[in-house]
Amino acid sequence: MCGEELQDYLNQVLAYLLKNGVNRQDAEDITQEVALKYLEKQEMVDPEKIKAWMFRVALNKRCDLGRRKMVKDRYTSSYKEEPVMYTPIQQVLRNEEAAECQAILNQLNPKYRNLLLLKYGLGFKYEEIAELLNMQMTTLKSALYRARKYFVKGYNEVI
């Protein structure tokens with residue numbers, strides 16, 4: 001496919017997104033992501049179905065963006081309320097609980113501890129962790145499941 005044809009398809013994707021109510025900045029971002037994904041996967045895309053493939057990718061990216069915004073709005077709206085003030089006793093209990101969690105983490109296999117810290121401590125996504133640790137997604141999810149199971153088991157022993 002020549003560059004002009006690719007640019008024409010991308011312009012059509014952008015126009016489609018704008019017509020469907022996506023704001024200009026998000027539509028341009030999605031279109032750029034479509035272009036990047038096409039350049040990465042062009043050998044795998046049937047030449048007769050490139051346009052349909054691009055529109056499908058754009059729709060998926062739009063849905064992902066909508067979900068991310070919905071989750072972000074849900075969490076940010078709950079944090080816009082007054083900050084929670086803890087009594088000294090509540091703060092001591094929170095500190096003790098944090099110390100117990102840290103002790104349990106220290107007893108775990110380093111692989112499981114790192115997975116839990118990446119996922120829940122630092123908030124990494126599955127894809128990011130898999131790429132960072134060079135793991136397959138299914139292996140990562142299984143390992144995180146076991147890590148959570150061992151953590152819960154250790155936590156229940158403390159209680």
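The values are calculated or read from the model by the stated rules, or taken from the named source; none is laboratory data. The structure presented is a predicted model; accordingly, all values stated were derived computationally and were not measured. Note: ideal-geometry Cβ built from the backbone for every residue, glycine included; neighbour counts use all protein chains shown. Note: accessible area is taken over every heavy atom of the protein model, side chains too, but ligands, DNA and RNA are not part of it. Shrake-Rupley method; radii C 1.70, N 1.55, O 1.52, S 1.80 Å.
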With every protein chain kept in place and ligands, DNA and RNA left out, what is the accessible area per residue of the chain? Probe 1.4 Å, answer in Å². 75 Å²
May I ask for the Kirkwood hydrodynamic radius of the chain, worked out over all distinct Cα pairs and given in angstroms to one decimal? 19.8 Å
Toy charge model, Lys and Arg Cβ at +1, Asp and Glu Cβ at -1: the chain dipole around Cα centroid in debye, rounded to 20, equals 580 debye
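Based on the alpha-carbon gyration tensor of segment 112-156, what equivalent-ellipsoid semi-axes (square roots of 5 times the eigenvalues) come out, in whole Å, largest first? Please report the intermediate quantities before stating the final value.
On the way: eigenvalues 70, 26, 9 Å².
The three semi-axes for segment 112-156 are 19, 11, 7 Å.
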Lysines near Lys37 by alpha-carbon distance under 29 Å, same-chain residues fewer than 8 away left out - which ones? Lys19, Lys49, Lys51, Lys61, Lys69, Lys72, Lys119, Lys125, Lys141
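Just the number, please: carbon plus sulfur as a percent of the accessible area of the chain, 1.4 Å probe, no ligands or DNA/RNA counted.
Values: 6360 of 11940 Å².
Ligands and nucleic acids excluded, carbon and sulfur reach 53 percent.
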Picking from Thr139, Thr87, Thr31, which is most flexible by a Gaussian network model of the chain using Cα springs under 10 Å? Thr139
222 nm [θ] for the chain, helices only, -39500 (n - 2.57) per DSSP H run of 4+, per residue, to 500? -26000 deg cm²/dmol
